[in-house]
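A.B. asks: Please find one structure pasted underneath; my questions will follow.
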Amino acid sequence: MLPEVVATRYVVPLREGGSLPGLMEADDLGTYVVKFRGAGQGLGTLVAEIVSGQLARALGLPVPELVTVLVDAGLAAGEPDQEVQDLLRASGGRNLGIDYLPGAFDLDPVAFGVDADFAGRVLWFDALVGNVDRSWRNPNLLHWHGAPYLIDHGATLTFQYNWPAADRWPPRPYDARDHVLLGCHADVAGADAALGPRVTADLVGAALADVPADWLATGPAAYADRLLARVAARAEWVPPLVEAAAAGAGERTPTRGARPSWLDGGWGPPGGSSGGGAPRVGGP
């Protein structure tokens with residue numbers, strides 16, 4: 001299971017998305033972007049965040065640390081915003097926290113440069129988990145302390161929202177046309193050769209073991225079966241992805257030039273966005 005912390009203070013809401021994540025301080029003296037169980041997107045997004053985030057970490061892709069955050073619904077009493085009050089009251093218990101990276105930049109692949117190996121691994125990974133939310137409009141990539149970080153995996157594993165049709169998900173081609181790294185000469189074939197054999201039953205099982213059991217819509221085996229079937233179906237979706245990466249090589253698509261989404265909402269420093277691609281400085 002993920003480490004568990006206890007929320008001690010609600011700092012600020014992050015209002016760029018519908019789920020209204022918030023910045024919270026915890027009893028370990030850490031600061032976390034918290035995505036709440038009571039938000040409209042439901043527990044499925046939290047499951048996707050953990051499973052995809054932990055798979056990415058196991059495959060050597062950089063993601064911020066994940067924790068579960070115990071939220072006392074009584075914290076709502078101290079909040080002046082009615083929407084925040086309602087959300088905290090609906091989210092008593094265990095929620096998802098992502099380590100806050102103060103001072104992070106939006107990672108624009110044109111401005112920073114992204115090598116073909118890293119681009120290929122991210123593109124391959126996003127195809128594996130069906131990530132529909134790493135487009136040039138919403139890159140969900142940060143640059144922090146000289147390194148790139150992948151954030152916001154709530155829009156993955158979409159099969160969990162339609163179990164009767166879940167068996168059609170594994171071989172489905174990945175639509176990479178809007179992917180932010182498509183123009184980076186992504187080495188998808190190399191990524192497939194390096195990462196594909198590493199996605200084993202043990203690896204997937206370990207990622208699922210980090211999800212609280214009461215968050216899963218069904219038993220963990222059903223999730224594992226679809227992910228392992230996705231790996232087994234690589235001959236169906238990898239070749240089109242290689243072709244898409246080759247066709248898009250060298251195309252430079254502008255990123256949105258503002259703070260990135262984080263769990264369906266921006267997460268710049270309290271008090272406002274850094275704006276215009278400027279660095280986010282300081283912590284809360």
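The values are calculated or read from the model by the stated rules, or taken from the named source; none is laboratory data. None of the values given here were measured: they were computed from a predicted structure. Using ideal geometry, Cβ is built from the backbone for each residue, glycine included, and neighbour counts are taken over all protein chains shown.
A.B. asks: Check off (1) within 16 Å of the chain's Cα centre (by Cα); (2) assigned by TED's automatic domain parsing to the domain that holds L195; (3) surrounded by fewer than 18 Cβ atoms within 10 Å (Cβ to Cβ) for R121 and give me the number that stays unchecked.
C.D. replies: Here R121 clears every test but (3).
A.B. asks: Checking the structure you have, find out if any residue of region 96-112 is of a type in the set (A, V, I, L, M, F, W, C), under 17 Å from A56 (Cα atoms) and in a loop (DSSP other than H, G, I, E, B).
C.D. replies: No.
A.B. asks: Follow-up question, since we're still on this one. Scan region 38-49 for residues that are surrounded by fewer than 22 Cβ atoms within 10 Å (Cβ to Cβ) and under 18 Å from G130 (Cα atoms) and jot them down.
C.D. replies: Q41, L43, G44
A.B. asks: State all residues of region 166-195 that are farther than 26 Å from L107 by Cα and either outside any helix (DSSP H, G or I) or in contact with a helix residue (DSSP H, G or I) (Cβ under 7 Å, 6 or more places away or on another chain) (or both); if no residue qualifies, say none.
C.D. replies: Hits for region 166-195 are A166, W169, P170, P171, R172, P173.
A.B. asks: Continuing with this model, one more query. Is it the case that N131 is surrounded by fewer than 24 Cβ atoms within 10 Å (Cβ to Cβ), of a type outside the set (V, I, T) and either assigned by TED's automatic domain parsing to the domain that holds L241 or in contact with a helix residue (DSSP H, G or I) (Cβ under 6 Å, 6 or more places away or on another chain) (or both)?
C.D. replies: Considered against the rule, which asks whether it is surrounded by fewer than 24 Cβ atoms within 10 Å (Cβ to Cβ), of a type outside the set (V, I, T) and either assigned by TED's automatic domain parsing to the domain that holds L241 or in contact with a helix residue (DSSP H, G or I) (Cβ under 6 Å, 6 or more places away or on another chain) (or both), N131 comes out as no.
A.B. asks: I need a count of the residues in region 185-213 that are more than 21 Å from A232 (Cβ to Cβ) and surrounded by fewer than 21 Cβ atoms within 10 Å (Cβ to Cβ).
C.D. replies: Adding up the residues that qualify gives 5.
A.B. asks: Give all pairs with beta carbons closer than 6 Å in which a residue from region 233-246 that is among the charged types (D, E, K, R) meets a residue that is part of a helix (DSSP H, G or I) and surrounded by fewer than 20 Cβ atoms within 10 Å (Cβ to Cβ); count only pairs at least 6 apart in sequence or on separate chains.
C.D. replies: Going by the 6 Å Cβ cut-off, the qualifying pairs are R234/G196.
A.B. asks: Does A56 meet the test of being in contact with a Phe, Trp or Tyr (Cβ under 7 Å, 6 or more places away or on another chain) and in the same structural domain as G78 (by TED's automatic domain parsing)?
C.D. replies: yes
A.B. asks: Please determine, by comparing only the residues of region 135-154 that are outside any strand (DSSP E or B) and within 25 Å of A207 (Cα to Cα), which one is modelled with the lowest pLDDT.
C.D. replies: This residue is P139.
A.B. asks: Oh, and also: For residues in region 11-37 being at pLDDT below 95 and out of contact with any Pro (no Cβ under 6 Å at 6 or more places or on another chain), which is surrounded by the most Cβ atoms within 10 Å (Cβ to Cβ)?
C.D. replies: P21
A.B. asks: While we're looking at this one, here's another question. For region 93-125, what are the residues that are within 21 Å of P170 (Cα to Cα) and in contact with a strand residue (DSSP E or B) (Cβ under 7 Å, 6 or more places away or on another chain)?
C.D. replies: Result: V122, L123.
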